[in-house]
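Chemist: Structure below; questions to follow.
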Amino acid sequence: MSVAESGKTLRNEPKITPELVAEHGLKPDEYQRILDLIGREPTLTELGIFSAMWNEHCSYKSSKVHLRGLPTDAPWVIQGPGENAGVIDIGDGLAVVFKMESHNHPSYIEPYQGATTGVGGILRDVFTMGARPIAALNALSFGDPKHPKTRHLVSGVVAGIGGYGNSFGVPTVGGQTRFHTRYDGNILVNAMAVGLARADKIFYAAASGVGMPIVYLGSKTGRDGIHGASMASAEFDDDSEEKRPTVQVGDPFAEKLLLEACLEIMEKDCVIAIQDMGAAGLTCSAVEMGAKGDLGVTLDLEKVPTREAGMSGYEMMLSESQERMLMVLKPEKEKEAEDIFRKWGLDFAIVGETTPTKRFLIRHHGETLADLPIKELGDEAPVYNRPFVETPKKPVIDAKDVTPPLSNADALLKLIGAPDLCSKRWLWEQYDHIIGGNTVQRPGGDAAVVRVEDGPKGLAMTCDVTPRYCEADPFEGGKQAVAEAYRNLSAVGATPLAITDNLNFGNPERPEIMGQFVGCVRGISAACKALDFPVVSGNVSLYNETNGRAILPTPSIGGVGVLADFTRSASIAFKNDGDAVLLIGETTGWLGQSVYLRDVCGREEGAPPPVDLAVERRHGEFVRKLIGEGRVTAVHDLADGGLAVALAEMAMASGLGATLDAPQGAAAHADWFGEDQARYVVTAKPDDVAAVVEAARVAGVAVQAIGRVGGKAITLGNEKPVAVADLAKRFESWLPDYMAGTIEH
Amino acid sequence: MKSAVLVFPGINRERDMARTLKLVSGVEPAMVWHAETELPAGTDLVVVPGGFSYGDYLRCGAIAARAPIMDAVRAFAARGGLVLGVCNGFQILCESGLLPGVLMRNTRLKFICHDAFLRVERSDTPFTRGYNAGQVIRVPVAHGEGNYIADDETIKRIEGEGRVLFRYCAPDGTLGDGSNINGSINAIAGIVSEGGNVAGMMPHPENHVESIVGSTDGRGLFVGLVSQFGKAA
């Protein structure tokens, strides 16, 4: 027995051994820190609580010092990082609540359930704050298509995302999907949710008032997911599949009920504080509510609704069963809130109360299992300034040193049917992307556009990152991920407002991985500052390694922008025969790290294209102005595959072809496929061209008329014409063929 | 037109349906909770919307079909009242015995969400009077279990009595395996009851009533229903 600060006695059974400490993912010095903090040996439950609070996933111990450099403020930011999700003001008394979060490790072990619970978790983060989810997106990274597990993982993850989102009833409107061998043993599933709330009705986690009832809501607690957050904080090896029991099981029906019940009791003004039970379940949510409110929390675990009999307090505190919430209610509204939850058929139990002691006190049938200082549990978590080495710069590749192995027309056909650039229709047609009746631009464009309530406002959303750039030059890659999100929002005519970042990296204990992380975060920070595009929420996922091989550094950026009038949004499809095609931005023919160099020439080499943030901003503002004034008929940003691929996408979206002038320079392939940044293709009616060119001159923006829309083929200068139908056939066939197993490798 | 939209736990297109009914009829529909035992007085039209009632965990629509409100709906239908079921609503009406047949997993075993072309088979029902027979409309589908089937006898009767309202087709109205998106027998997308007053369909006309979010081809169904009752509420 040992005596806690409160004078209560605690039973130390079993004894805490070094093996037990290691099993909880705590290092010896971290355990010493616990001993120093509480002045006695912890109980097993307390050890479990520390392991839940101090793992990488919950404590951000390796990333914290660097994340502090990110800009998180702007006049339109209502809530930055640190809550369940970020909140921005979009005017008219409305707020947008959004966040992106990873569910990588579980999705590799059990793709369907891993993906569903990823979607469920992020939706909960959004509606916990009082917002009804109005859109979902996802950023997926899979291994080499030839890898024996890839097809199974794609199939399971996509079915899981659809299975949850479709049933819950949120439109899944966009995202990005890539394949690369570096994700072979460690796929990435990053799910983003966006919700709409009244700006004056946002709900937070901080408890207030002493003696307030703490209410448990939602599904019952089971033994699933115990130590899930600890799994997410470790590397994988060949035995990782044995961790399948730590993956939780999603129940979208329960979540839908929880959504409706939560929004109903929020509407009735019953709620003081609310926190969803995500990673580390009851532990993390209760500690956050107390610590943020400067209050203690006492829980009586026998009152927790459980799925099975005989669960120990330890198990209840660490379970990651899904679709659960913790709430502090206004005592006088208890009955009203309970009636609402009963109506929806959900569990409702008062499991504890707030106290003035700032202690986290856990009792089970009268026995004290844990008695810990609540603020220190979070605040005193270890913080590491891990050693890092900067990624060495790669040489700039001169286009003249890249001999085209194919004609440009054939290269275009090849690229458009390649795994990374081909149509992802096979995926998104399994997602309900129209529920809500507000989807103005469906998947397949630069950004998804969703009408806000009955309009006229619209919301644009996108997910972006180019991991090969990030690996070659983390700083430029970090900048580029943000810049591309900014560009995609601008290309539909939306004013970019804020981002959520989901930072996926390898083992931070390796200095070169830490160097990637630091470089990318610095790049993101620089871009966010230059573009007035703050970070309002995010998630860090480290230890994405299998048998010592790390993923490509993948800081997924989820961007949100607003349109004053959704009916004026621009789309990528060519509109009219005879429209002029204009290229905005400078083309140098940058082939380093391009998809062309990788997929056509077989070389993953060189420095990635540099990003000039001032130019990005100027060009983005210019394009948005053109769209707002109705001077352009179609807009597309230039990204993977460069100009030729962008033109092909605009053609396929419409069925109309285009004839383009031959580039002036010697290296035509670099002009067609180079990936210089800050560029857009727009089309304009012939009568409007002069005005657009003049406006560009005034704004200091490079613009060049490069051809004309028309016919049924794309003609790149002197190349043979490529029929739009042939492009579309290749574009649409790779993924379905691959999933059907009819592609020969 | 006074309409009532049923709300079962797990239903998720009730808001889309209510918005469309309001938009086209000008009257806010009543939202009726599954545990109710009566429909609002003066109800002209009952709509069973789409979604995943009870998570679709037993069999799509099977639990909802046994909810308290369904007795009132059956009585309403027996008196000749108009009932429309869309998607999960169609499944619920089949499970509750108001419509024949059943909806199985799509032949390709995947959830599908995209626009589909439907051929309107007749225009002389309250549900299709806003269209011309033979007209092709484009409306979205979003379902995993839309593969309509019934025993041979029933299909023969449905076809013989001209009770198919919509079939999946090509843009030019022709039928074929390529356009039969979920494998339904005879490409059936929607049917009407023997009495002509209960209709079910898998596609979502309520999601295509505004050009800015897709098309307005779904509007005809609601315009027809409104005209059935005259403009007055």
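Chemist: Mean separation of Cα pairs under 8 Å and 6+ residues apart, divided by the residue count of chain A: what relative contact order is that in percent?
Modeler: Once divided by the residue count of chain A, the mean separation gives 15 percent.
Chemist: Remind me, what semi-axes does the range B:3-227 give for its equivalent ellipsoid, largest first in whole Å, using sqrt of 5 times each Cα gyration tensor eigenvalue?
Modeler: 24, 20, 17
Chemist: Could you work out how far helix A:334-343 tilts from the main Cα principal axis of chain A, as a 0 to 90 degree angle to the nearest 10?
Modeler: Computed tilt is about 60 degrees.
Chemist: Where does each of A:MET266, A:MET192, A:MET289 land when they are ranked from fewest to most other beta-carbon atoms within 10 angstrom?
Modeler: Neighbour counts put them in this order, fewest first: A:MET266, A:MET289, A:MET192.
Chemist: While we're here: Where does the charge balance sit around B:GLN135 when Lys and Arg score +1, Asp and Glu -1, over other residues with C-beta under 14 Å from its C-beta?
Modeler: Summing Lys and Arg as +1 and Asp and Glu as -1 gives +2.
Chemist: Here's a follow-up. In peptide A:168-175, what is the residue-averaged number of other protein chain Cβ atoms found within 10 Å of each Cβ?
Modeler: Mean partner shielding for this stretch: 2.
Chemist: List the lysines whose Cα sits under 28 Å from the Cα of A:LYS729, skipping any in the same chain fewer than 8 residues away.
Modeler: Partners found: A:LYS146, A:LYS149, A:LYS414, A:LYS424, A:LYS575, A:LYS712, A:LYS720, B:LYS110.
Chemist: Which peptide among A:501-508, A:337-344 comes first, and what is the full order, when sorted by highest mean count of other Cβ atoms within 10 Å?
Modeler: Per-residue mean Cβ counts within 10 Å order the peptides as A:501-508, A:337-344.
Chemist: Quick check: from the Cα gyration tensor, does the protein assembly as shown come out rounded (a/c under 1.5), prolate or oblate?
Modeler: oblate
Chemist: Now for a different question. Which is the longest run of chain B containing none of the GluC sites (Glu not before Pro) found in DSSP loop states (not H, G, I, E, B) with at most 13 other C-beta atoms within 10 Å?
Modeler: B:39-160
Chemist: Could you work out the mean count of beta carbons from other protein chains within 10 Å of each residue's beta carbon in B:52-59?
Modeler: 3
Chemist: Nearest 0.05, what FRET efficiency do A:VAL396 and A:GLU23 give at R0 = 41 Å with Cβ-Cβ as r?
Modeler: For A:VAL396 and A:GLU23, the calculated efficiency is 0.25.
Chemist: Using 0.36 nm times the number of residues separating A:ASN385 and A:ASP73, minus their current alpha carbon distance, what extension gain do you get?
Modeler: Answer, rounded to one decimal: 109.9 nm.
Chemist: Here is a further query. Of all GluC sites (Glu not before Pro) in the range A:398-494, which ones are in loop regions per DSSP and have a Cβ with at most 16 other Cβ atoms within 10 Å?
Modeler: A:GLU453
Chemist: Determine, for A:TRP426, A:TRP54, the number of other Cβ atoms within 10 Å of each Cβ, and report the residues in order from fewest to most.
Modeler: In increasing order of surrounding Cβ atoms, one gets A:TRP426, A:TRP54.
Chemist: Zone of A:GLU367 (label point 7 Å along Cα→Cβ, backbone N under 18 Å): which residues in the range A:29-57?
Modeler: Label zone hits: A:41-49.
Chemist: Moving on to the next point. How much of the DSSP bridge set in the range A:601-745 is antiparallel, in percent, rounded to the nearest 5?
Modeler: Percent antiparallel among DSSP bridges in the range A:601-745 is about 75.
Chemist: Still on this structure, please answer the following. Just to verify a number: FRET efficiency for A:VAL698 and B:ASP115, C-beta to C-beta distance, R0 = 56 Å, to 0.05?
Modeler: Plugging the Cβ-Cβ distance into 1/(1 + (r/R0)^6) gives 0.85.
Chemist: Output the antiparallel fraction of DSSP beta bridges having both residues in the range B:1-97, as a percent to the nearest 5.
Modeler: Of those bridges, close to 10 percent are antiparallel.
Chemist: Between A:GLU302 and A:ALA614, 0.36 nm times their residue separation minus their Cα-Cα distance comes to what?
Modeler: Here the answer is 106.4 nm.
Chemist: Please give every one of the lysines within straight-line cross-link reach of A:LYS292, meaning a C-alpha to C-alpha distance under 22 Å, and leave out same-chain neighbours fewer than 8 residues apart.
Modeler: By straight Cα distance, A:LYS292 reaches A:LYS61, A:LYS64, A:LYS99, A:LYS201, A:LYS330, A:LYS358, A:LYS375.
Chemist: Non-local amide H neighbours of A:GLU353 (under 5 Å, H modeled in plane, Pro and chain starts lacking H): which ones?
Modeler: Result for A:GLU353 returns A:ILE214, A:THR298.
Chemist: Go ahead and estimate [θ] at 222 nm for chain A from helices alone: -39,500 (n - 2.57) per DSSP H run with n ≥ 4, summed, over the residue count, rounded to 500.
Modeler: That calculation yields -10000 deg cm²/dmol at 222 nm.
Chemist: What spacing in nm lies between the two simple spin-label points modelled at A:ASP339 and A:ASP532, each 7 Å away from Cα in the Cβ direction?
Modeler: Each label point lies 7 Å from its Cα, and together they span 4.9 nm.
Chemist: A further question on this structure: Could you work out, residue by residue across B:160-168, how many beta carbons of other chains sit within 10 Å of that residue's beta carbon, and then give the average as an integer?
Modeler: Rounded to a whole number, the mean comes out at 0.
Chemist: In the range B:3-227, what percentage of the DSSP-assigned beta bridges are antiparallel, given to the nearest 5?
Modeler: Rounded to the nearest five, the antiparallel share is 60 percent.
Chemist: Also, quick follow-up: If we sort A:62-75, B:79-92 on the protection proxy, mean other Cβ atoms within 10 Å, highest first, what's the order?
Modeler: Highest-to-lowest ranking by the protection proxy: B:79-92, A:62-75.
Chemist: Given a cut-off of under 8 Å on Cα pairs at least six residues apart, what relative contact order in percent is computed for chain B?
Modeler: Relative contact order comes out at 21 percent.
Chemist: Sorted by packing (mean other beta-carbon atoms within 10 Å per residue), highest first, where do A:37-48, B:166-177, A:489-500, A:511-522 land?
Modeler: For the peptides A:37-48, B:166-177, A:489-500, A:511-522, the packing ranking is A:489-500, A:511-522, A:37-48, B:166-177.
Chemist: Now a separate question. Determine the gain in length on full extension of the stretch A:LYS712-A:SER208; use 0.36 nm per residue of separation and subtract their C-alpha separation, reporting nm with one decimal.
Modeler: Here the segment from A:LYS712 to A:SER208 would lengthen by 174.9 nm.
Each value in this text was obtained by applying a stated rule to the coordinates, not by laboratory testing. Every value quoted in this text rests on a predicted model; they were computed, and no experiment measured them. Glycine gets a Cβ as well: all are built from the backbone with ideal geometry, and neighbour counts include every protein chain shown.
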